[in-house]
Structure formats: structure tokens, C-alpha cells
Amino acid sequence: MSIIIKPIVTEKVTKQSEVLNQFGFVVDRKANKVQIKKAVEAAYGVTVLDVNTMNVRPDRSTKYTKSGLISGKTNAYKKAIVSVKEGETIDFYNNI
């Protein structure tokens, strides 16, 4: 079971990484904070101080088309914001 699915690279999370030394990840929905902490430390070789998690609900949308009313939704996921020790950083772009 892979705990970390992908990193979150948005303007808000990038600013948090520069100012507060916090990084965002999309994680497995059944993972807890201890598992997330161990997975980040093992994958990136940093010291994790704090883990905050949140469950993101699916967004529902309705579209009016020629063929009628179409409704849909996005997938729900779990997001983790990880605080890293001062002086350490995670580089998401080193393998590109």
C-alpha cells in the first residue's frame, strides 16, 4: 500500500513551503498521521515535525447540454500538510 499518492503543487502550497516550511501531499484515504510521517521521512529523507490532515469532499456539478441534464462529481481524497524541520526542504523537481 502506497501512502503518498502525489505531491500538491499549487500557488498556496508553494508559498507555504517557502514561508512556513510546510509541504502538501495527496495521501491514501485510510492512512493515519503516523503512517504519513514515516512515509515522508523515508521517501524524502527529512525530519517531519507535524502532520495535519483533511478529507476533501467531492465537488458536484450539473451541466445543461443538448442531450439533457448531466450531473457529475469529482473524486474525494485526503490531503496532508507536513511541517518539516527548519533548514530542511523537499525538492519535487529534482527528477524532471
Residue ID - farthest from the chain's Cα centre (by Cα), chosen from residues in segment 71-96 that are hydrophobic (A, V, I, L, M, F, W, C) and at pLDDT 95 or above: 84
Residue check for residue 34: open to solvent by less than 100 Å² (accessible area, probe 1.4 Å), outside any strand (DSSP E or B) and closer than 16 Å to residue 54 by Cα: yes
Qualifying strands (runs of 3 or more DSSP E) (wholly inside segment 46-90; at least 2 residues being open to solvent by 80 Å² or more (accessible area, probe 1.4 Å)): 48-56, 60-65, 68-73
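Quick grid of which residues meet (1) of a type outside the set (S, T, N, Q); (2) touching a Gly at 6+ places or on another chain (Cβ under 6 Å); (3) over 23 Å from residue 94 (Cα atoms):
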{"site": "24", "(1), (2), (3)": "yes, no, no"}
{"site": "32", "(1), (2), (3)": "no, no, yes"}
{"site": "42", "(1), (2), (3)": "yes, no, no"}
{"site": "72", "(1), (2), (3)": "yes, no, yes"}
Residues that are out of contact with any helix residue (DSSP H, G or I) (no Cβ under 6 Å at 6 or more places or on another chain), within 15 Å of residue 88 (Cα to Cα) and hydrophobic (A, V, I, L, M, F, W, C), drawn from segment 44-70: 46, 49
Top-ranked residue of segment 1-31 - restricted to ones that are assigned to a helix (DSSP H, G or I) and not polar (S, T, N, Q), ranked as least open to solvent (accessible area, probe 1.4 Å): 13
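The values are calculated or read from the model by the stated rules, or taken from the named source; none is laboratory data. Remember, predicted model here, so these are calculated numbers, not experimental data. Cβ sites come from the backbone with ideal geometry, for glycine too, and all protein chains shown count toward neighbours. Remember, those area values only see protein heavy atoms, side chains included, never the ligands or the DNA or RNA. Shrake-Rupley method; radii C 1.70, N 1.55, O 1.52, S 1.80 Å.
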